[in-house]
Amino acid sequence: MIVKKTPEQIDKMAAAGDILVRTLELVERKIRPGITTKELDVAAEKFIRSQGATPAFKGYRGFPGSLCISPNSMVVHGIPGSYTLRKGDILSVDCGVVLDGWVADAARTFAVGAISQTARKLLDTTEKSLFAAAEQCRPGNRLGDVSHSVQAVVEAQGLSIVRSLVGHGIGRAMHEDPQIPNYGAPGKGVRLEEGMVFAVEPMVTAGRHGVRLADDHWAIYSQDGSLAAHFEFTIAVTADGPRVLTPWHQSGP
Ligand code: MG
Ligand code: MG
């Protein structure tokens, strides 16, 4: 069942989203060769709590971090730890924030210094696919329009959608109905209505689409070792069109 939100509730989710955006900006400023993913996580948790919010991921099914931090061929769900960033890495940072019982969820993949042409194309294309999907989050469209728009942008560049991982509805719970695949047929699926709120999150590899679970039972890697990117917005379907509640794209240089 898809739980719709009132405009007032969407405003509360946007307040959580604002803290999340500022957390990602903080992480971005700290990213440099030599820093560990654990250091980024500690800084993010401290900031989130300083704002009167809590990190949604910490303790979720036992997850130990406040961020999921996934370098290079790791797609998602990386546990922050001793991994030390190197020039040329790409780093996916996923964050969840709870404020007054409402959750926001968003992710970006950052470049650590200069990156390869392959990596640049992967990041630019994955981000563009999220922007295309966000545009589709309007009353009267279908969920398949959202899914298909990701797929069309990604596959036009010869990159691969990770098919076994999906986006989701979001609200008082981090994961609500519906599931939102990053591939699908336009004009099919649930009809979008005002008040629905989605976490849309393309996960894309520069190689093939298969993934594997790491020995820690959390991290998910591309099976073929190819680079992976992850960009995510929390987006509300409103009468005025899509409203991005985690607008990390409009802030900062
Ligand atoms: Mg996320
Ligand atoms: Mg999510």
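The values are calculated or read from the model by the stated rules, or taken from the named source; none is laboratory data. If you're wondering where the values come from, they're calculated on a predicted model, not measured in any experiment. In this analysis, Cβ positions are derived from the backbone assuming ideal geometry, glycine residues included, and neighbour counts consider all displayed protein chains. Accessible surface is based on the protein model in full, side chains and every heavy atom, while ligands, DNA and RNA are left aside. Shrake-Rupley method; radii C 1.70, N 1.55, O 1.52, S 1.80 Å.
Of note:
Each row is one residue, and each column tells you yes or no for (1) of a type in the set (S, T, N, Q); (2) within 16 Å of ligand 1 (Cβ to nearest atom).
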| residue | (1), (2) |
| --- | --- |
| 95 | no, yes |
| 125 | yes, no |
| 137 | no, no |
| 141 | yes, no |
| 159 | no, no |
| 166 | no, yes |
| 181 | no, yes |
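- Screening residue 114 on (1) open to solvent by less than 20 Å² (accessible area, probe 1.4 Å); (2) not in a strand (DSSP E or B); (3) not basic (Lys, Arg) shows it passes everything except condition (1).
- Residue in segment 103-145 that is nearest to residue 78 (Cα to Cα), counting only those that are β-branched (Val, Ile, Thr) and more than 16 Å from ligand 2 (Cβ to nearest atom): 112
- Test: residue in segment 118-126 that is part of a helix (DSSP H, G or I) and touching a Phe, Trp or Tyr at 6+ places or on another chain (Cβ under 9 Å): yes
- Among residues of segment 46-102, those that are more than 19 Å from residue 127 (Cα to Cα), within 16 Å of ligand 2 (Cβ to nearest atom) and assigned to a loop (DSSP other than H, G, I, E, B), counted: 7
- Meets criteria (within 22 Å of residue 134 (Cβ to Cβ) and away from ligand 2 (no atom under 14 Å from the Cβ)) for residue 169: no
- Applying the condition of being without any contact (Cβ under 8 Å) to a residue 12 or more places away in the chain and over 18 Å from residue 20 (Cα atoms) to segment 36-91 and asking which residue is nearest to ligand 1 (Cβ to nearest atom) yields 61.
- Breaking point among (1) closer than 22 Å to residue 67 by Cα; (2) open to solvent by 50 Å² or more (accessible area, probe 1.4 Å); (3) within 20 Å of the chain's Cα centre (by Cα), for residue 233: (2)
Each row is one residue, and each column tells you yes or no for (1) farther than 18 Å from residue 165 by Cα; (2) open to solvent by 20 Å² or more (accessible area, probe 1.4 Å); (3) out of contact with any strand residue (DSSP E or B) (no Cβ under 7 Å at 6 or more places or on another chain); (4) of a type in the set (Val, Ile, Thr).
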position: 39; (1), (2), (3), (4): yes, yes, yes, no
position: 54; (1), (2), (3), (4): yes, yes, no, yes
position: 58; (1), (2), (3), (4): yes, yes, yes, no
position: 63; (1), (2), (3), (4): no, no, yes, no
position: 66; (1), (2), (3), (4): yes, no, no, no
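- Some residue of segment 237-249 being more than 23 Å from residue 61 (Cβ to Cβ), aromatic (Phe, Trp, Tyr) and within 16 Å of ligand 2 (Cβ to nearest atom): yes
- Boolean, residue 157 is polar (S, T, N, Q), without any contact (Cβ under 8 Å) to a residue 24 or more places away in the chain and open to solvent by 40 Å² or more (accessible area, probe 1.4 Å): no
- Output for segment 100-111, where each listed residue is under 18 Å from the mean Cα position of the chain (by Cα) and open to solvent by 30 Å² or more (accessible area, probe 1.4 Å): 108, 111
- Segment 97-113, residues that are over 30 Å from residue 9 (Cβ atoms) and either near ligand 1 (Cβ under 10 Å from one of its atoms) or of a type in the set (A, V, I, L, M, F, W, C) (or both): 110, 111, 112
- Selection of segment 30-45 for residues being in a helix (DSSP H, G or I) and farther than 22 Å from residue 99 by Cβ yields 30, 37, 38, 39.
- Leading residue by the ranking (farthest from ligand 2 (Cβ to nearest atom)) among those in segment 179-205 that are without any contact (Cβ under 8 Å) to a residue 60 or more places away in the chain and among the aliphatic types (A, V, I, L, M): 185
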